[in-house]
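Here is the structure we will look at, set down as C-alpha coordinates.
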Ligand code: FES
(Lines give C-alpha, C1' and ligand atoms only; values in the text may rest on other atoms or scores of the structure.)
Protein backbone atom coordinates (compact mmCIF):
# COMPACT_ATOMS: atom_id res chain seq x y z
CA UNK A 1 0.00 0.00 0.00
CA UNK A 2 1.56 3.29 -1.09
CA UNK A 3 0.42 5.34 1.91
CA UNK A 4 1.82 2.80 4.36
CA UNK A 5 5.18 2.66 2.56
CA UNK A 6 5.51 6.43 2.62
CA UNK A 7 4.47 6.59 6.26
CA UNK A 8 7.11 4.07 7.32
CA UNK A 9 9.95 6.16 5.97
CA UNK A 10 8.97 9.52 7.38
CA UNK A 11 11.82 10.68 9.57
CA UNK A 12 11.13 12.52 12.81
CA UNK A 13 14.71 12.78 14.04
CA UNK A 14 17.25 13.58 11.36
CA UNK A 15 20.22 13.57 13.74
CA UNK A 16 19.70 9.90 14.58
CA UNK A 17 17.66 8.74 11.58
CA UNK A 18 14.65 7.80 13.68
CA UNK A 19 11.45 7.20 11.77
CA UNK A 20 7.88 7.82 12.81
CA UNK A 21 7.36 4.05 12.67
CA UNK A 22 10.21 3.46 15.12
CA UNK A 23 8.71 5.94 17.60
CA UNK A 24 5.27 4.35 17.27
CA UNK A 25 6.83 0.95 17.89
CA UNK A 26 8.57 2.21 21.05
CA UNK A 27 5.31 3.74 22.32
CA UNK A 28 3.39 0.56 21.62
CA UNK A 29 6.10 -1.43 23.42
CA UNK A 30 5.56 0.65 26.57
CA UNK A 31 7.26 4.06 26.41
CA UNK A 32 4.81 6.27 28.31
CA UNK A 33 6.85 9.40 28.96
CA UNK A 34 9.03 11.55 26.78
CA UNK A 35 12.06 10.52 28.85
CA UNK A 36 11.29 6.84 28.25
CA UNK A 37 10.92 7.53 24.53
CA UNK A 38 14.29 9.28 24.53
CA UNK A 39 15.91 6.47 26.48
CA UNK A 40 14.76 3.67 24.20
CA UNK A 41 15.14 5.43 20.84
CA UNK A 42 17.60 8.30 21.31
CA UNK A 43 15.12 10.80 19.86
CA UNK A 44 15.79 14.46 20.72
CA UNK A 45 19.16 13.75 22.31
CA UNK A 46 21.26 15.83 19.91
CA UNK A 47 19.96 19.16 18.53
CA UNK A 48 16.46 18.75 19.96
CA UNK A 49 14.65 20.02 16.87
CA UNK A 50 12.54 16.85 16.79
CA UNK A 51 11.32 17.16 20.38
CA UNK A 52 7.98 18.90 19.64
CA UNK A 53 7.09 16.32 16.99
CA UNK A 54 8.14 13.39 19.20
CA UNK A 55 6.12 14.78 22.12
CA UNK A 56 3.09 15.23 19.88
CA UNK A 57 3.41 11.66 18.64
CA UNK A 58 3.64 10.39 22.21
CA UNK A 59 0.49 12.31 23.17
CA UNK A 60 -1.41 11.21 20.07
CA UNK A 61 -0.43 7.54 20.30
CA UNK A 62 -1.05 7.39 24.04
CA UNK A 63 -4.51 8.96 23.68
CA UNK A 64 -5.34 6.62 20.79
CA UNK A 65 -4.43 3.59 22.86
CA UNK A 66 -6.78 4.79 25.63
CA UNK A 67 -9.73 5.43 23.30
CA UNK A 68 -12.67 3.12 23.81
CA UNK A 69 -13.23 0.44 21.22
CA UNK A 70 -15.80 1.37 18.57
CA UNK A 71 -19.31 0.13 19.28
CA UNK A 72 -20.71 -2.59 17.05
CA UNK A 73 -23.84 -1.44 15.23
S1 LIG B 1 16.62 16.08 14.84
FE2 LIG B 1 16.41 14.80 16.57
S3 LIG B 1 18.03 15.38 17.87
FE4 LIG B 1 18.31 16.58 16.09
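Here is how the numbers come out for the structure above:
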{"item": "Region 30-55 residues that are closer than 13 Å to residue 12 by Cβ and touching a residue at least 12 places away in the same chain (Cβ under 8 Å), paired with ones that are more than 10 Å from the ligand (Cβ to nearest atom) and assigned to a loop (DSSP other than H, G, I, E, B) (beta carbon under 8 Å, 6 or more apart)", "result": "37/31; 41/31"}
{"item": "Number of the exception - residue 44 against (1) modelled with pLDDT of 95 or more; (2) buried (at least 16 other Cβ atoms within 10 Å of the Cβ); (3) not in a loop (DSSP other than H, G, I, E, B)", "result": "(3)"}
{"item": "Tally, over region 20-40, of residues that are touching a strand residue (DSSP E or B) at 6+ places or on another chain (Cβ under 9 Å) and more than 20 Å from residue 65 (Cα to Cα)", "result": "0"}
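Every residue, every condition in (1) modelled with pLDDT under 95; (2) part of a helix (DSSP H, G or I); (3) within 16 Å of the ligand (Cβ to nearest atom), yes or no:
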{"site": "5", "(1), (2), (3)": "yes, yes, no"}
{"site": "12", "(1), (2), (3)": "no, no, yes"}
{"site": "40", "(1), (2), (3)": "no, yes, yes"}
{"site": "55", "(1), (2), (3)": "no, yes, yes"}
{"site": "60", "(1), (2), (3)": "yes, yes, no"}
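The values are calculated or read from the model by the stated rules, or taken from the named source; none is laboratory data. All values reported here derive from a predicted model rather than from experimental measurement. All Cβ positions, even for glycine, are placed from backbone atoms using ideal geometry, and neighbour counts span all protein chains on display.
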